[in-house]
Structure formats: C-alpha cells, structure tokens
Amino acid sequence: VTVSHLPVWNRILSAQEQKGRTRIKHLLFLILRLIMLSLIVFSFSNPVLSKSHKPVRHAVLIIDNSASMSAIDENSFTNENTALNQKITRLTKAKNQALILIDKVNLDVTSVSIITTAAKPTLLCRQLSDKDALKSLISGIEIAMSNSGSPEGTAFAMELFGANPDARLAVFSDFSGP
C-alpha cells in the first residue's frame, strides 16, 4: 500500500529521535560540567593525598589579653551558667577555647608554647607538655590595660617559631587592635 504522506511521517519520527538524542547529549554534557566543577572546587580545598599524616609537634597559642578583650559580647554566656544568665568577657571565651584545644592536643608528641599580646608580647611558656601546667597558665591570664593586640604577638611568634615547619599557630583574639 502506498501512502503519499509516508515521507512526512518519516521526517517527523526522525525529528523526534533527534530530539531524544540531543536531550541525552545535553544531559551528559551537564553531568560532565558538574563533575568538572566539583573537581575544581575539590582542588581549591587543598586536599592531602598522602597517607603519612605527621602530627603537629609544636603548637603555639597566642592569647590576646589587651583591654579590648574585657568587653562582653551580646549572647555570650558560659555553658554551665546559662541558667544563671552570666555573661562572659572575650578573654574568658578565648581562654575557654584554648583550654578545649589543650584537651584535644596529644601532649605525648606535641609541645605547647603560650604567648600573650598585651602591651608587648610575652612568652609564658616554651614547648611545655604538661597539661595541668598549661591549663594553669591559661587560667591565670588576666586583662592588661593596653591597646595592643594580636598582630605584635603573631609577629613575635613568627620570630620565635617561624623557622620550625612543625609549629602551628592558634590565635585567640578579637582582632580589634590598631
């Protein structure tokens, strides 16, 4: 049976096949672009591919005890005294965070140095590995009425420990110095 409109139907059917193929093609290109984008984002996150992760041998804690650290921020309550509604200073918050860090550090392989940054940077201890002594030193840090802050302490730490590739700095500050 000869139908006069058969070539028209063949073109319509082939056009629909082409649309399906182009959709699949576009979808594959979209997936490929997303994979490439995720690889680029992953590469900017500085992934470490080596299996030999060296532990930190030396941690340097820089604690800002300048006058600006006596400020009390909004919604800064101590965890254990939240019910009593006691607000804490920035220095107390910084000391609490430093104490948490001391609890997390493996002092069998890591030594800790503590620097305060009031009027002039002061080295409280150098490469100490006694957890109780470190906690006592941190707890004993008081506000010093000066306007200096963490930039001088960071520079001081870099002078003392900058050549040591195993040293890691942890800065506890409000960064409100000059």
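The values are calculated or read from the model by the stated rules, or taken from the named source; none is laboratory data. Owing to the predicted nature of the structure, the values given are computational and were not obtained by experimental measurement. FYI the Cβ positions are ideal-geometry reconstructions off the backbone, even for glycines, and counts take in every protein chain you see. The protein model used for the area step is the full one, side chains on, heavy atoms only, and it has no ligands, DNA or RNA in it. Shrake-Rupley method; radii C 1.70, N 1.55, O 1.52, S 1.80 Å.
Structural remarks
- Residue identified as modelled with pLDDT of 85 or more, charged (D, E, K, R) and within 23 Å of the chain's Cα centre (by Cα) among 126, 90, 168: 90
- Within the range 141-154, considering residues that are modelled with pLDDT of 75 or more and open to solvent by 50 Å² or more (accessible area, probe 1.4 Å), the one farthest from residue 100 (Cα to Cα): 145
- Of all the listed residues (8, 41), the sole one being exposed (fewer than 12 other Cβ atoms within 10 Å of the Cβ), at pLDDT below 80 and over 28 Å from residue 136 (Cα atoms) is 8.
- Among the residues of the range 44-74, those that are among the small types (Gly, Ala, Ser) and either at pLDDT below 80 or open to solvent by 100 Å² or more (accessible area, probe 1.4 Å) (or both) comprise 45, 50, 52.
Residue by residue, here is whether (1) touching a helix residue (DSSP H, G or I) at 6+ places or on another chain (Cβ under 9 Å); (2) without any contact (Cβ under 8 Å) to a residue 24 or more places away in the chain holds:
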site	(1), (2)
86	no, yes
89	yes, no
97	no, no
106	no, no
111	no, no
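- Search result, residues across the range 157-173 that are of a type in the set (A, V, I, L, M, F, W, C), open to solvent by 40 Å² or more (accessible area, probe 1.4 Å) and either touching a helix residue (DSSP H, G or I) at 6+ places or on another chain (Cβ under 7 Å) or within 12 Å of residue 113 (Cα to Cα) (or both): 160, 169, 171
- Residue selected from the range 96-118 under the condition open to solvent by less than 20 Å² (accessible area, probe 1.4 Å) and under 18 Å from the mean Cα position of the chain (by Cα), by the criterion nearest to residue 130 (Cα to Cα): 102
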